[in-house]
1. Condition first: without any contact (Cβ under 8 Å) to a residue 40 or more places away in the chain, open to solvent by 70 Å² or more (accessible area, probe 1.4 Å) and either under 25 Å from the mean Cα position of the chain (by Cα) or more than 25 Å from GLU89 (Cβ to Cβ) (or both). Now tell me which residues in region 188-226 satisfy that.
2. Only one of (1) open to solvent by less than 40 Å² (accessible area, probe 1.4 Å); (2) without any contact (Cβ under 8 Å) to a residue 24 or more places away in the chain is not met by SER130, so which one is it?
3. Please work out which residue is farthest from the chain's Cα centre (by Cα), limiting yourself to region 233-250 and to residues that are open to solvent by 10 Å² or more (accessible area, probe 1.4 Å) and closer than 28 Å to LYS271 by Cβ.
4. I'm trying to understand the selection: among the residues of region 281-290, which are among the acidic types (Asp, Glu) and open to solvent by 20 Å² or more (accessible area, probe 1.4 Å)?
5. Using the structure shown, decide if ARG300 is at pLDDT 60 or above, closer than 28 Å to ILE238 by Cβ, among the basic types (Lys, Arg) and touching a strand residue (DSSP E or B) at 6+ places or on another chain (Cβ under 6 Å).
6. Which number in (1) more than 30 Å from ILE222 (Cα to Cα); (2) assigned to a helix (DSSP H, G or I) marks the one condition that LEU107 misses?
7. Determine, yes or no, whether SER145 is open to solvent by 20 Å² or more (accessible area, probe 1.4 Å), farther than 28 Å from LEU348 by Cα, in contact with a Leu (Cβ under 9 Å, 6 or more places away or on another chain) and modelled with pLDDT under 95.
8. Please enumerate the residues belonging to region 19-41 that are touching a residue at least 24 places away in the same chain (Cβ under 8 Å) and within 14 Å of GLN6 (Cα to Cα).
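The values are calculated or read from the model by the stated rules, or taken from the named source; none is laboratory data. These figures come from a predicted structure and were not determined experimentally. Quick reminder, even Gly has a Cβ in these numbers, built from the backbone with ideal geometry, and neighbours come from all protein chains shown. Quick note on the areas: whole protein, heavy atoms, side chains included, nothing else; ligands and nucleic acids left out. Shrake-Rupley method; radii C 1.70, N 1.55, O 1.52, S 1.80 Å.
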Amino acid sequence: MVITGQITTLSDLILTPAQDIARKCRVSPLEITAIVDIVCRAHFIHAPTLEELLSAPNLFGICTSGDVRLDAALGGGFRTGMIWEVVGESAAGKTQLALRMSLLVQLSIELGGLAGSACYLLTSGRLPTSRILQISQYHPLLVSSGQCGLDDIHTMPIPSIDFLVQTLSRLLPDFIERKLELRKTDSSIKPIRLVVIDALGELFHASGKTSTETLVQRAQNINDISTHLHTLSSKYGIVVIVLNEVVDAFERASNNEEDSTVGLTYAEQSKWFARAHSLPGEDRKEASLGLVWANQINARIMMSRTGRRRYTTFIHPATQKRQKLEDGHDTRNIPAEDTERLELVRRLSIVFSSVSNPGSLDYVVDSTGIISLEEEKPFEVANEPTTASSSVVPPLAMPNSQIAPLDIGFAEGESAVNDLYSEPIVAPDDEDGWESFWEKDEITEEMYLAASLDPDK
């Protein structure tokens, strides 16, 4: 059975359907069912009682994101025992959020943290320590507490998928247990309460041709990784944040005849759990790693670049950083609350979550990490009192400054024509009227000659 059916573990035997094992091993499904029953009796699973669950230490906790509006959208903050996926394109702010969370988790429980340390797993590059120090010096919570720093951020490079599985199954649990043992004798040591993977999608960049075999192997690797992450988060009360990439989403024309027999295709279903729809064009990107990974996570947060800009005013009492505008003028002596900046606005959308409703908000990236923005109020025209003489409101004329450059000449010419024929031309009703009309609008001899010389016109 081990060789022909590739059933190597107890989980493979119990979780694989008996029909599939029987087909691989070329035996009867009844024989496989009997083997599974014998194994289940030999390996009895003890279900904990209610008394045991109540007496166990409470590892549940919520870590603040450092932003009030973002905490409200997340259902209070980042909860332990869950896998949070933060997906987005490059320069959307995923790493900024993860770096700030590695500091905020060190805060005491009274300040919204978990009084723990972070383990930051990097699939490429190095940990940007200078950026972490900048966030710790500028964020109000971190500055006032003085509890957070680089000493409680443990990092490890992850070069391959196999090494990640090895880390999650052996190295990281041993490290967590060692920290817990040291804490018994030294209360200043903080246990691991946050695990960040930056970024998981980079490990699955296959250089070879995609085939059924590679897709099956990828699904198996994703299943192994998610199983270890869920075990760590539930056993030790850890917040797991996994950064992921996006891919281009293409709309494919559906064939009604095929859809009636096959049912909903993956392309039609993925738009509801792999994309965001809060702004036009936001659904052009979708999360990578497919349906297998989407079934393993508890919440999906998508961060997008919108190309929009807004004037924002930030008040940071602890920051007296020298600022310069685009024209070079020094704003060091200007109060922080009086300095407006034109910031690049990004969009954060909660696609799905087990603890909160879907929602979206705008944010910008600054020295404190990310800051959410209030929703822009729609422009409202003041209602002027109407009188009897002004019962009919004339249509608003659009100025030429709002017209595309290539259409300005056409708009001005059309306006001149409209002014020329502002009075309607009324055809005469009798013969005398027609005679006076032709006498007034006499056709010259040059017009006759032009018509005779060019008969095509």
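1. From region 188-226, those without any contact (Cβ under 8 Å) to a residue 40 or more places away in the chain are 188-189, 205-217, 220; that's our starting set.
Then drop every residue that is not open to solvent by 70 Å² or more (accessible area, probe 1.4 Å), which leaves 188, 205-207, 209-210, 212-213, 215-217, 220.
The answer is SER188, HIS205, ALA206, LYS209, THR212, GLU213, LEU215, VAL216, GLN217, GLN220.
2. Every listed condition holds for SER130 apart from (1).
3. Quick first cut of region 233-250, residues open to solvent by 10 Å² or more (accessible area, probe 1.4 Å) only: 234-236, 245-250.
Right, trim to closer than 28 Å to LYS271 by Cβ and you get 245-250.
Details: GLU245: 10, VAL246: 9, VAL247: 12, ASP248: 14, ALA249: 14, PHE250: 18 Å.
Out of the qualifying residues, it is PHE250.
4. Going through region 281-290, the residues among the acidic types (Asp, Glu) turn out to be 282-283, 286.
Once the filter is applied, which keeps residues that are among the acidic types (Asp, Glu) and open to solvent by 20 Å² or more (accessible area, probe 1.4 Å), region 281-290 yields ASP283, GLU286.
5. On the way: at pLDDT 60 or above: yes; closer than 28 Å to ILE238 by Cβ: yes; among the basic types (Lys, Arg): yes; touching a strand residue (DSSP E or B) at 6+ places or on another chain (Cβ under 6 Å): yes.
Against the criterion (at pLDDT 60 or above, closer than 28 Å to ILE238 by Cβ, among the basic types (Lys, Arg) and touching a strand residue (DSSP E or B) at 6+ places or on another chain (Cβ under 6 Å)), ARG300 qualifies.
6. Condition (2) is where LEU107 drops out.
7. Details: open to solvent by 20 Å² or more (accessible area, probe 1.4 Å): yes; farther than 28 Å from LEU348 by Cα: no; in contact with a Leu (Cβ under 9 Å, 6 or more places away or on another chain): yes; modelled with pLDDT under 95: yes.
It is false that SER145 is open to solvent by 20 Å² or more (accessible area, probe 1.4 Å), farther than 28 Å from LEU348 by Cα, in contact with a Leu (Cβ under 9 Å, 6 or more places away or on another chain) and modelled with pLDDT under 95.
8. Of everything in region 19-41, just one residue is touching a residue at least 24 places away in the same chain (Cβ under 8 Å) and within 14 Å of GLN6 (Cα to Cα), namely CYS25.
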